[in-house]
1. For region 155-203, how many residues meet the condition of being open to solvent by 10 Å² or more (accessible area, probe 1.4 Å), farther than 16 Å from residue 233 by Cβ and hydrophobic (A, V, I, L, M, F, W, C)?
2. Which of the residues that make up region 380-415 are at positive phi and out of contact with any Asp or Glu (no Cβ under 8 Å at 6 or more places or on another chain)?
3. Can you tell me which residues in region 83-119 are out of contact with any Phe, Trp or Tyr (no Cβ under 8 Å at 6 or more places or on another chain), over 18 Å from residue 67 (Cα atoms) and of a type outside the set (Gly, Ala, Ser)?
4. I'd like the full set of residues that are of a type outside the set (A, V, I, L, M, F, W, C) and open to solvent by 10 Å² or more (accessible area, probe 1.4 Å), limited to region 76-95.
5. Inside region 1-23, can you point out the residues that are within 19 Å of residue 49 (Cα to Cα), charged (D, E, K, R) and assigned to a strand (DSSP E or B)?
6. Being over 17 Å from residue 243 (Cα atoms) and either among the β-branched types (Val, Ile, Thr) or at pLDDT below 95 (or both) is the filter here, so list the residues in region 139-156 that pass it.
7. Just checking, how many residues over region 288-339 are touching an Asp or Glu at 6+ places or on another chain (Cβ under 7 Å), part of a loop (DSSP other than H, G, I, E, B) and closer than 21 Å to residue 367 by Cβ?
8. Closer than 24 Å to residue 345 by Cβ, under 17 Å from the mean Cα position of the chain (by Cα) and open to solvent by 20 Å² or more (accessible area, probe 1.4 Å) - does that describe any residue in region 241-262?
Amino acid sequence: MSYDLIIKNGLVILDNGELETDVAVKDGKISAIGTDLGEASEVIDAKGLVVSPGMLDAHVHITDPGGSYRDDWEGYLTGTKASAKGGVTSFMEMPLNQVPATVDQNSLQIKLDAGVDRLTADVASFGGLVPFNLENGIQELHDGGVAAYKCFMATCGDRSIEGDFMNSDDYTLYEGMRQIAKTGKVLAIHAENATITDRLGEIAYKNGETTLKAYAKTRPIFTEVEAIRRAIFFAKETGCRIHICHVACPEGVEEVTHARNEGIDVTCETCTHYLYFDVDELDAIGPISKCSPPIRDKENQKGIWEKLLAGEIDFVTSDHSPCTPDLKDNDNAFEAWGGIAGVQNIVDVLYDEAVQKRGMLLKQFANIIAANPADRYDLNTKGRIAIGKDADFVFIKPNAPYTLKTEDLEYKNKISPYIGREIGAQVARTILRGQTVYSLEEGVVDTKPGKFIVIK
């Protein structure tokens with residue numbers, strides 16, 4: 001048989017572990033795995049490289065369209081190019097910060113239209129759960145093919161912007177879960193106690209606090225744990241499948257593990273920045289490292305790593321949430337925008353920190369970047385190097401340190417807390433459905449082979 005592509009001699013991460021073998025691709029799908037596979041129009045020698053499933057980053061913010069408010073934030077064009085350069089072949093896009101937020105059929109279509117001919121990675125959409133879309137919005141989003149839903153228990157959105165996202169009160173959370181349970185899809189939750197964190201922030205600001213370390217203290221661990229516990233209780237009452245986003249403390253993971261052991265359908269993620277940075281270095285880095293929940297101390301980071309290596313954290317995401325530089329350029333951490341740009345450096349940083357420095361098995365690495373998020377959100381063509389799956393790969397060059405420079409970034413606004421850091425591995429090539437979209441030699445391609453993933 002003649003194939004479109006054969007990848008030869010790579011260390012390929014399969015469901016049962018890694019194996020030096022060849023992979024054949026036909027019509028964008030994985031067609032064969034083994035040796036002596038035959039002829040192909042294109043042959044790529046991956047000798048010395050790790051061939052992993054392309055990453056599915058399940059938490060990315062693309063602000064397209066910006067609605068004249070955020071037009072200069074990250075769009076599909078630059079966001080998906082950065083994804084390709086970072087080994088992310090597909091991602092799930094959050095229903096904010098674009099204007100309008102994705103909360104009904106009309107706003108979902110606006111989002112899909114904005115991405116036409118602009119995608120270098122595949123994109124699945126989250127629909128939003130907000131107080132103002134309980135009447136018809138949940139069903140409209142389901143019918144429109146969103147992969148899952150997202151809500152905020154923490155305060156979010158700008159009330160001066162018509163159509164901006166809005167956090168859920170307890171009734172919205174409860175009723176939204178009831179409706180989402182009927183669709184069978186997952187509700188992903190930003191879990192922080194809004195009442196307490198808002199008030200602590202107001203007090204610190206009035207007292208003249210300005211540092212990122214002070215900001216982190218206004219969002220203490222218990223405010224995260226309490227919200228996770230409340231969300232789990234509502235899920236138990238409604239039967240809704242839930243997922244806890246960006247867990248920043250081991251205590252939060254423990255709540256998820258306990259609930260899962262009791263039979264509740266709940267999973268969780270953490271983010272690269274919680275595994276990499278600690279609170280004592282934030283003020284030296286500046287507001288580009290501000291996020292919520294906040295980056296915590298070294299002991300907390302150690303606990304997150306222990307939970308991840310033990311398999312209690314289902315996957316790792318970037319929570320790529322960039323803005324324009326002016327919103328970060330502020331000496332007062334409380335006034336700066338909260339969000340970290342990270343989608344381009346999640347695979348290389350995580351491979352270095354997890355596999356090379358802490359001995360994570362390659363199979364677990366592939367699970368936390370690809371298979372587990374694909375399984376959780378029912379993206380059935382993604383997540384594994386297996387016959388019949390989409391031919392999505394990231395080639396990783398191990399033990400190849402480099403220092404990230406500003407000019408390396410594909411983001412629209414070239415800001416990142418990883419600039420100046422030495423990263424001990426490199427993404428050598430990214431392949432989306434059989435097509436190379438990035439290589440170290442050629443950079444990111446100009447073609448736009450990405451597609452929206454619609455789940456009906």
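The values are calculated or read from the model by the stated rules, or taken from the named source; none is laboratory data. Note that this is a predicted model, so its numbers are computed, not measured. No Cβ is skipped: glycine too gets one built from the backbone with ideal geometry, and neighbour counts run over all protein chains shown. Remember, those area values only see protein heavy atoms, side chains included, never the ligands or the DNA or RNA. Shrake-Rupley method; radii C 1.70, N 1.55, O 1.52, S 1.80 Å.
1. Selection size over region 155-203: 7.
2. Residues satisfying the conditions are 388, 399.
3. Within region 83-119, 88, 91, 117 qualify.
4. Within region 76-95, 78, 81, 85 meet the criteria.
5. Scanning region 1-23 gives 8, 18, 20, 22.
6. Filtering region 139-156 down to residues over 17 Å from residue 243 (Cα atoms) leaves 139-145, 155-156.
155, the sole residue that qualifies.
7. Adding up the residues that qualify gives 3.
8. Checked against the condition, which is being closer than 24 Å to residue 345 by Cβ, under 17 Å from the mean Cα position of the chain (by Cα) and open to solvent by 20 Å² or more (accessible area, probe 1.4 Å), region 241-262 yields no hits at all.
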